[in-house]
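See structure below.
The values are calculated or read from the model by the stated rules, or taken from the named source; none is laboratory data. What you see is a predicted model; the values in this text were computed from it and never measured. So basically every Cβ, Gly included, is an ideal-geometry build from the backbone, and we count neighbours across all protein chains shown. To get the accessible areas, we keep the full protein, side chains included, count just its heavy atoms, and leave off ligands, DNA and RNA. Shrake-Rupley method; radii C 1.70, N 1.55, O 1.52, S 1.80 Å.
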Amino acid sequence: MADVQSPPAAATASGPTLDPADEPSASSSNALAPMTTETTIITTNAEGKKVKKIIRRKRRPARPQVDAATFKVEEAQPTGTIYNVWYNKWSGGDREDKYMSQTAAPGRCVIARDSGYTKADRVSGSYFCLFFAKGTCPKGVDCEYLHRLPTVTDIFPSNVDCFGRDKFSDYRDDMGGVGSFQRQNRTLYVGRIHVTDDIEEIVARHFQEWGQIDRIRVLTARGVGFVTYMNEANSQFAKEAMSDQSLDHNEILNVRWATVDPNPAAQKREARRVEEQAAEAIRKALPAAYVAEIEGRDHEQKKRRKIEGSFGLQGYEAPDDVWAAKEKAGWEASGQVGAPERAGLLEAGDGNEEDNEYDGSFGSLAQQDNTAPTGILSGSTLAALKGYSATAAPKRAAPSSGPLVGYGSDDDSD
């Protein structure tokens, strides 16, 4: 009910009728030129030199999964008297088990066989084909939606899923449907699994076809599994692809969204994942050299900080805030007109250097001791003090000797 995409033209209850506008034509297929993909491989030859190879492959066109002329969608028999749009089920009438009345899905998507380029690959921001995920898309290369798996580069707004369907503020009572935009859910609940000894291996083999899996937890005694994907779009794709499907047996799976895991370890793991995402965003915003220094990957910068961050004091290491202030002062000094090229801290006291000698009365600060460290002032402070000469204040005349007349008096005549 919540699907935004229109069903295939032949998927009607009255029979296999085709619309001429929707019928795949040879001209439209030929107008879509095959797309190529480039793969760069860097190898080392026998002489020890690095060789860069670029492999270009033509992407194959998406194939129609079903025949539009013969494919039919059978309407589900009503199990009640009133159809509830929100819960997507019938209400009233006989109370029967809705899971016992489920039927198997009419088709199944096979990524290795069905995926390919479509018209949507020419348009940025295109959504994925819902009928392709269910294995029932008859359009193939002429489809206006993507026929491939989602990747980490496919980013969609938080209020829609990868198929372009609007999310809701809360989940349905049965945790089905599109989902909620208030929580990023990457975990699927898989029920009605046929219990065997290798149930976990079976679940992993079937669900890893739809994307990279973060973790899998299977309750063998209950025939229930929880599959968590690395990407939310892959979990949305897998939910539609495996709904009403079967694994190695003839069971009909019940795939829904999983609720919040109350396990404290799972909550800490999710919080750590959010922190890693925030750290990755900060890494992209900061300069690469600064990130390498923070993470300890730039050894040259680390050595420079160890030397210059001592401020000439043996065994002293400046804290991070002091070092950041020093770096900022150096950047500001290097941008000033006439500032010295080496804008930094006071040099460690080499007697032959003239950069530490300044005019005026403050020149003695750099000359009073040529062998010891010279001070604690930053380079920006010394740059401001350069050229400043203080004049000696005139000395006051000594008061005349004699009695203090009118001391503390308010009289102006005194």
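General remarks:
- Ligands, DNA and RNA aside, SER158 has an accessible area near 80 Å² when probed at 1.4 Å.
- Amide H contacts under 5 Å for VAL160, placed H, 5+ residues apart: LYS167
- Å² per residue, accessible surface of segment 216-293 at 1.4 Å: 55 Å²
- Computing FRET efficiency as 1/(1 + (r/R0)^6) for LEU313 and GLN277, where r is the C-beta to C-beta distance and R0 is 51 Å, gives about 0.80.
- Take the Cα radius of gyration of segment 82-148 and divide it by 2.2 N^0.38 Å, N being the number of residues; the result is 1.56.
- Residues of segment 122-136 with amide N under 19 Å of a point placed 7 Å along Cα→Cβ from THR151: 122-129, 133
- Overall, the accessible surface of segment 82-148 at a probe of 1.4 angstrom is composed of carbon and sulfur to the extent of 53 percent.
- Distance between the modelled labels on ILE252 and LYS302, one decimal in nanometres: 6.1 nm (7 Å Cα→Cβ projection).
- Virtual paramagnetic centre 7 Å along Cα→Cβ of ALA266, amide N under 19 Å, in segment 158-187: 171-177, 179-187
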